[in-house]
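Below is one structure; the comments refer to it alone.
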Amino acid sequence: MNRTLTIAKREFRGYFNGPVAYIVVCLFLLVMGMFFWSPFFIANRATVRGMFDLMAFLLLPTAPALTMGLLAEEKRTGTIEILLTMPVRDTEVILGKYLAAFGLLAVLMLCTLAYPLSVSSLGHLDWGPALSGYGALLLEGGAMLAIGVLASSWTDNQLVAFFTSAVICFAFLFMSRFLLFLPPGVASIVEWLSFDYHFDDMARGVIDTRNVIYFLSVIGFSLALAFRSLESRRWS
Amino acid sequence: MSKKQQARAASESAAFLLIVGGILVLCNVLGLFFYARTDTTEKEQYSLSKGSLRLAGALKDRMEIVGYFSADLPPPYNATERYVRDLLTEYKEASHGKISVRIVHPVKDEDKQKAEADGVVKVQDQKFESDSFTAVEGYRGLSIKYLADSRAISHIESTDGLEYQLTQLIKEMSGEKVKIGIVSGHNIEPQQNPMQMMQQPPHGSHTQTIRAYLPTYDVQDVDVTKEIPKDLKALLIVQPETAFTETELRYIDQYVMHGGSLGVFGGAIKVEASQGMPSGTAFSPGLNKLLEKWGVKIKNGIVADAQCGRARMPTSLGMAIQVPYPPVPIVTFQDYQRRHPVLFRLDQIGLPYVSPLGFNDALKADKDVKRVILAQSTKQAWIMDGATIDLKSRDRWEVPGYQGPFALGVAIEGQLPSAFAKAEAPSGDAAAASIKAPARAEKPVHVLVFGSGFSMRDEFLPAQQPGAHEVPAGGGAAFALNAIDWLAQDSDLIAIRAKNVEDPALRVPSNVKEAENTIRQAVQEQDESKAQKALEDRKAAVVVWEQKKSMYKWGNTLLVPFAFAMFGVVRWRVRSARRKNLKL
């Protein structure tokens, strides 16, 4: 665990040593601010539900951007071989890098805390759904990051990693919008697999273990796949 | 690595993934059956309310609820089953095994026939198939069986209000209806032709709509010229238009002393509309003789408030426009008021043509009696009075000066003293003299006094749609039904009724409100210079408010990313400086 945390800390610092974290976070916050605050005073409601829907959508390019280089860049430059010759296990490398990206996601969420604080000073904000919404975003964002780590483990090209994870996340995020066009039996399964189905409940203030288990499963399975993908270079 | 070793490693890897995947799928499947959920909303909008839980827990016999859901329902109805399943599971858990739940997917003809025999109907929905929309038929309803009784929710159109619908059905099926009474004979009924009278006999006090909303109550018309049945849990007096005699008041007092609850809604004003032009007439029904002994009085006049509803006003061009209508004050509540069951989950109500209440010290020293003022006007309120009060909508209202706030509603509970036990009946009134009542109520009672009963009358309540069970969220209907539930001391349904409450609006700054009030006052006083100054003050206040909004908008949009970027620049400079000073 110590080695995992060491890798996580190194990667987390790495984000802030280069421009990636600043560009991603600043762009995210600018777009969020524009789209959230522009209609806010027209709607005239003391709620941040719209912010969560918007953030879930904005995570679609953000999560792949944060994870695209995690393994792909190391593969391209060959540093992955150096890293893996060190006394660390593959699982520790994957987990460490994932935790670093998750840490940056948490920083991003922290920066948006100014929004609910502002809303609560303008009206009576129900903090229960606001905090539950943050939980939902961390879980959904965590799942997207895990998919990003997986995509990054498949290739040594950052762009390919970005688009691959963006496409997979897009599918998970929007598959529930196409249910009408699916055969009814399949529609129910697809709906259950979609992020929206599990995210909406939490964003409105209901914390349900089924939704938590779902997101943790996506995270767990994606990381397990990434681990196997990394390990496969030993025998493929 | 040899090929054999490679193949072995690959198959081990695949097996590992299969095992991990299998475990995760198993966790999710088990999670469907064993789960926990917490509703974090302040008003617990997405949880079974205490009333539903209590009712399910109090069932004496087994109740069977069968959900009929076709497996191939198109969206959005394919998600209904999950919601219903969760909801029913909560009922089941609360019932300690008394409620059994079964979900049937009617595929076989016999299942379909069973669904229809249980009262669940086949509905037609649209789905997209083969590049076109086609109609599909399916079932999405509930059947509830308890003892020999069987009811159904024939089809679930929306999950909104489903809990209320279910709890109401369980309540209807599991117990005797609660009896309440509405005082008859003190209202002037609208004239009906004989044919209408035969089809729909008039009920007292224009309360047909509210009766339709009360399937769990047995609502009776009560003649108060004789002894009131003791089995009535509550007695309502709704906007009386004729005076009460001493005998009637004594019977009402006797009823309360025997443990019945009393709701008095209005009684100091009569409103008549002639050619769509309403006018009010002062009137005294004599109820104060009773109420004053309990420390409250309905005073004359109508409260008008700057915080008010809107009414349509015809213009010379023939069109009607919406204008502020002060005789319908919009009452908002303090937190302590909102906690009272009568105002449960209500943010505001409109009280049409409401008379102010006055209070005396009759029960001030009585520790057994609790009095809560439930509704007040704002400070920017005044009284409209006189023999006849012109209530037609207009764009200018004469304001004699703000005199608010006025108390508009009060809840009293406890063992009240009798208003007449020690009082002599008027000489010669043998009937009144013969009415005996205990000196104090035999048990704690609820008395609710509001200066208006119009919010309970048909003219101001939205008619219930045929087959609909939900009460419109917020507003007059929810208030009226909360009040009846509290009076009948039946709080099961109160908590569910007002669940669909919107997110609260943003606060308008007090200086904007104050400026608007000053303008109104200046206009009323016809003081042009004051009005001009007030307009400028308002303009300045609005500018400040708009600036504040812009500050929030741009501060959040630009300042946070700017601060983050600045942090990056500072960090970069520090790192650069450190690198320059690095000595090997």
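The values are calculated or read from the model by the stated rules, or taken from the named source; none is laboratory data. Keep in mind that this is a model prediction, so the values were computed, not measured. Note that each Cβ is placed from the backbone with ideal geometry, even for glycine, and that neighbours are counted across all protein chains shown. For the accessible areas, the whole protein counts, side chains as well, though only heavy atoms, and no ligand, DNA or RNA atoms are used. Shrake-Rupley method; radii C 1.70, N 1.55, O 1.52, S 1.80 Å.
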- Item | Options A:Leu223, A:Leu173; residue that is within 13 Å of chain B (Cβ to nearest Cβ) and within 14 Å of the chain's Cα centre (by Cα) | A:Leu223
- Query: Any chance the stretch B:576-583 includes a residue that's in contact with a helix residue (DSSP H, G or I) (Cβ under 9 Å, 6 or more places away or on another chain) and either within 8 Å of another protein chain (Cβ to nearest Cβ) or part of a helix (DSSP H, G or I) (or both)?
  - Reply: no
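Yes or no, residue by residue, for (1) assigned by TED's automatic domain parsing to the domain that holds B:Gly414; (2) more than 26 Å from the chain's Cα centre (by Cα); (3) farther than 21 Å from B:Arg371 by Cβ:
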| residue | (1), (2), (3) |
| --- | --- |
| B:Val256 | yes, yes, no |
| B:Leu262 | yes, no, no |
| B:Gly280 | yes, yes, yes |
| B:Lys289 | yes, yes, no |
| B:Pro324 | no, no, yes |
| B:Phe333 | no, no, no |
- Exception for A:Leu193 within (1) in contact (Cβ under 8 Å) with a residue 60 or more places away in the chain; (2) more than 9 Å from every other protein chain (Cβ to nearest Cβ); (3) surrounded by fewer than 18 Cβ atoms within 10 Å (Cβ to Cβ) falls at (1)
- Note on the structure: the stretch A:150-236: helices (runs of 4 or more DSSP H) wholly inside it with 2 or more residues that are closer than 16 Å to A:Leu60 by Cα are A:158-174, A:195-203, A:209-231
- Going through the stretch B:88-120 in order, the residues found to be β-branched (Val, Ile, Thr) and open to solvent by less than 70 Å² (accessible area, probe 1.4 Å) are B:Thr89, B:Ile99, B:Val101, B:Ile103, B:Val104, B:Val120
- Message: Checking the structure you have, find out if any residue of the stretch B:182-203 is of a type in the set (Val, Ile, Thr), modelled with pLDDT of 50 or more and open to solvent by less than 30 Å² (accessible area, probe 1.4 Å).
- Response: yes
- Item | Selection status of B:Thr80, within 11 Å of chain A (Cβ to nearest Cβ) and among the hydroxyl-bearing types (Ser, Thr, Tyr) | no
- Message: So for the stretch A:27-47 (the condition being closer than 24 Å to B:Met566 by Cα, of a type in the set (A, V, I, L, M) and more than 10 Å from chain B (Cβ to nearest Cβ)), does at least one residue qualify?
- Response: no
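Within the bounds of the stretch B:515-528, is there any residue that is within 14 Å of chain A (Cβ to nearest Cβ), touching a helix residue (DSSP H, G or I) at 6+ places or on another chain (Cβ under 8 Å) and without any contact (Cβ under 8 Å) to a residue 40 or more places away in the chain? Lay out the reasoning, then the answer.
Our first condition is that a residue be within 14 Å of chain A (Cβ to nearest Cβ); within the stretch B:515-528, this holds for none.
Among the residues of the stretch B:515-528, not one is within 14 Å of chain A (Cβ to nearest Cβ), touching a helix residue (DSSP H, G or I) at 6+ places or on another chain (Cβ under 8 Å) and without any contact (Cβ under 8 Å) to a residue 40 or more places away in the chain, which makes the answer no.
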- Task: For the stretch B:76-97, name all the residues that are within 30 Å of the chain's Cα centre (by Cα) and assigned to a loop (DSSP other than H, G, I, E, B).
- Result: B:Pro76, B:Ser95, B:His96
- Message: Checking A:Val93 against (1) at pLDDT below 90; (2) within 14 Å of chain B (Cβ to nearest Cβ); (3) surrounded by 21 or more Cβ atoms within 10 Å (Cβ to Cβ): exactly one of these is not met. Which one?
- Response: (2)
- Query: When the residues of the stretch A:36-53 are filtered to those that are buried (at least 17 other Cβ atoms within 10 Å of the Cβ) and touching a helix residue (DSSP H, G or I) at 6+ places or on another chain (Cβ under 6 Å), which remaining residue is nearest to A:Ala203 (Cα to Cα)?
  - Reply: A:Phe52
- Query: Any idea which residue in the stretch B:393-413 is nearest to B:Gly295 (Cα to Cα), counting only those that are among the hydrophobic types (A, V, I, L, M, F, W, C) and more than 21 Å from the chain's Cα centre (by Cα)?
  - Reply: B:Phe406
- Query: Looking only at residues in the stretch A:1-24 that are farther than 18 Å from B:Arg575 by Cβ and touching a residue at least 24 places away in the same chain (Cβ under 8 Å), which one is most open to solvent (accessible area, probe 1.4 Å)?
  - Reply: A:Arg3
- Only one of (1) of a type outside the set (Ser, Thr, Tyr); (2) open to solvent by less than 20 Å² (accessible area, probe 1.4 Å); (3) over 19 Å from the mean Cα position of the chain (by Cα); (4) within 12 Å of chain B (Cβ to nearest Cβ) fails for A:Ala136. Which number is that? (3)
- Message: Quick check on B:Leu416: is it in contact with a strand residue (DSSP E or B) (Cβ under 8 Å, 6 or more places away or on another chain), in contact (Cβ under 8 Å) with a residue 60 or more places away in the chain and closer than 18 Å to B:Val328 by Cα?
- Response: no
- Task: Scan the stretch B:1-41 residue by residue and report those that are surrounded by 11 or more Cβ atoms within 10 Å (Cβ to Cβ), among the aromatic types (Phe, Trp, Tyr) and outside any helix (DSSP H, G or I).
- Result: B:Tyr35
- Query: Does the stretch A:187-211 hold any residues that are closer than 16 Å to B:Glu44 by Cα and either small (Gly, Ala, Ser) or in contact with a His (Cβ under 6 Å, 6 or more places away or on another chain) (or both), and which are they?
  - Reply: A:Ala203, A:Gly205
- For A:Arg177, indicate whether it is open to solvent by 50 Å² or more (accessible area, probe 1.4 Å) and without any contact (Cβ under 8 Å) to a residue 40 or more places away in the chain. yes
- Task: Report, by residue number, each residue of the stretch B:351-398 that is outside any strand (DSSP E or B) and of a type in the set (Val, Ile, Thr).
- Result: B:Val354, B:Thr378
- Message: Looking at the stretch B:42-59 only, could you name the residues that are part of a loop (DSSP other than H, G, I, E, B), under 22 Å from the mean Cα position of the chain (by Cα) and hydrophobic (A, V, I, L, M, F, W, C)?
- Response: B:Leu48
